[in-house]
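Student: This is the structure, below, for whatever I ask next.
The values are calculated or read from the model by the stated rules, or taken from the named source; none is laboratory data. Remember, it's a predicted structure, so these values are computed and weren't measured experimentally. No Cβ is skipped: glycine too gets one built from the backbone with ideal geometry, and neighbour counts run over all protein chains shown. These area figures cover heavy atoms from the full protein model, side chains too; ligands, DNA and RNA do not enter into them. Shrake-Rupley method; radii C 1.70, N 1.55, O 1.52, S 1.80 Å.
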Amino acid sequence: MTESVFFWIFAVLTVLLAAQVVLRRNPVHAAVSLVGAFFFLSGIYLLLAAQLIAILQVMVYAGAVMVLFVFVIMLLNLKEEEMGHERLTAWKIIGGASIVVTTGLIAYLALGNAYPTGLLRDMARTQPGFGSVKGVGQALYIASVLPFEVTSLLLTIAVVGAVVVAKGKI
Amino acid sequence: MVGPVHYLVLAAILFALGAAGVVIRRNAIIVLMSIEIMLNAVNLSFLAFSRFPLVPVAPMQAGIYAGQVAVFFVIAVAAAEAAVGLAIVIAVFRSRTSVHVDEFDTLKL
């Protein structure tokens, strides 16, 4: 019951804010909407019993990545004519609503019978402490320690590559 | 009662919104933001399948967290992608003073 209430609140807010990202002309408005969308999406992750991932979502996405986006928007300092003027026409609302309704309907028709009726394996109920930092951390360090270490290499390469690319002219 | 299909439909809607943003927007920064929305939609479906597995899984083994570990790596790769993508946007903006993706034709002969 509580899960249903929170799911609908978080889902509606996430979809509305994600639609704002796509429909807003001003990149700053889009970035702020995206922060909100990521935040409510982390609430959905909590409902899915993924506590560690929910914390990482807020820290990495809503924190670090979005600060990067906002910094780049500030550095580029887009003029008013670059952005165009803000307008929320009826066509935008119709277009956004049609994307949401059509995709939702198609996905529901395709996936509605994917799970066998009556037999639902809910790990959050059957597995005590599912999604805790301890469990996911052990899975990360026992089963996939090599990919985890390669991730640090990837991030180092990405930072060096970002500096090299941003210094040159393309 | 909210079941796994609710989460999967929400993931599909978010993915469609992100894909629409990539297609209809000209601003490269907004295109990158839409890619982040699509990656998050995929993360959401990973987590939904992690909590509601389709096949039986033995308890107390590392495999029950395969979905969440995958999400962890997706987050790391998305952070790297955002850093490199925004660096490319800055580099292109320096020579063209524009961030419109239809003017990114540097590779054209």
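Student: Among the listed residues B:L47, B:L14, B:L32, which satisfies the condition of being open to solvent by less than 40 Å² (accessible area, probe 1.4 Å), modelled with pLDDT of 90 or more and either among the basic types (K, R) or under 23 Å from A:S132 (Cβ atoms) (or both)? Even if it seems obvious, please write down each step before you answer.
Tutor: Details: B:L14 fails: either among the basic types (K, R) or under 23 Å from A:S132 (Cβ atoms) (or both); B:L32 fails: either among the basic types (K, R) or under 23 Å from A:S132 (Cβ atoms) (or both).
Testing whether each residue is open to solvent by less than 40 Å² (accessible area, probe 1.4 Å), modelled with pLDDT of 90 or more and either among the basic types (K, R) or under 23 Å from A:S132 (Cβ atoms) (or both) leaves just B:L47.
Student: Suppose we filter A:G129, A:G135 for residues that are over 17 Å from B:H6 (Cβ atoms), surrounded by fewer than 13 Cβ atoms within 10 Å (Cβ to Cβ) and of a type outside the set (S, T, N, Q); which single one remains? Lay out the reasoning, then the answer.
Tutor: Details: A:G135 fails: surrounded by fewer than 13 Cβ atoms within 10 Å (Cβ to Cβ).
The conditions single out A:G129.
Student: Somewhere in region A:24-41, is a residue touching a residue at least 40 places away in the same chain (Cβ under 8 Å), within 7 Å of chain B (Cβ to nearest Cβ), open to solvent by less than 70 Å² (accessible area, probe 1.4 Å) and farther than 18 Å from B:R25 by Cα?
Tutor: no
Student: Do we have A:A143 as touching a Lys or Arg at 6+ places or on another chain (Cβ under 7 Å), open to solvent by 20 Å² or more (accessible area, probe 1.4 Å) and under 30 Å from A:E3 (Cβ atoms) here? Even if it seems obvious, please write down each step before you answer.
Tutor: Values: touching a Lys or Arg at 6+ places or on another chain (Cβ under 7 Å): no; open to solvent by 20 Å² or more (accessible area, probe 1.4 Å): yes; under 30 Å from A:E3 (Cβ atoms): yes.
For A:A143, the condition - touching a Lys or Arg at 6+ places or on another chain (Cβ under 7 Å), open to solvent by 20 Å² or more (accessible area, probe 1.4 Å) and under 30 Å from A:E3 (Cβ atoms) - is not met.
Student: Out of all the residues in region B:61-76, which are open to solvent by 10 Å² or more (accessible area, probe 1.4 Å), at the interface with chain A (Cβ under 7 Å from one of its Cβ atoms) and within 15 Å of A:Q57 (Cα to Cα)?
Tutor: B:V69, B:F72, B:F73, B:A76
Student: Sticking with this one: Mind listing whichever residues of region A:109-125 are open to solvent by 100 Å² or more (accessible area, probe 1.4 Å) and hydroxyl-bearing (S, T, Y)?
Tutor: Result: A:T117, single match.
Student: Cβ-Cβ below 6 Å, separation at least six or inter-chain, first residue in region A:145-170 and within 7 Å of another protein chain (Cβ to nearest Cβ) and more than 29 Å from B:R94 (Cα to Cα), second open to solvent by less than 40 Å² (accessible area, probe 1.4 Å) and among the hydrophobic types (A, V, I, L, M, F, W, C): which pairs?
Tutor: Hits for this filter: A:T151/B:A76.
Student: Open to solvent by less than 10 Å² (accessible area, probe 1.4 Å), facing chain B (nearest Cβ under 9 Å) and in a helix (DSSP H, G or I): which single residue out of A:I106, A:I53, A:I99 fits that description? Spell out how you get there, then give the answer.
Tutor: Details: A:I106 fails: open to solvent by less than 10 Å² (accessible area, probe 1.4 Å); A:I99 fails: open to solvent by less than 10 Å² (accessible area, probe 1.4 Å).
None of the others qualify; the one that does is A:I53.
Student: Right, next: Failed condition for B:L39, given (1) at the interface with chain A (Cβ under 7 Å from one of its Cβ atoms); (2) under 17 Å from A:F40 (Cα atoms), with all others met?
Tutor: For B:L39, the exception is condition (1).
Student: Does B:V9 satisfy being within 7 Å of chain A (Cβ to nearest Cβ) and touching an Asp or Glu at 6+ places or on another chain (Cβ under 6 Å)?
Tutor: No.
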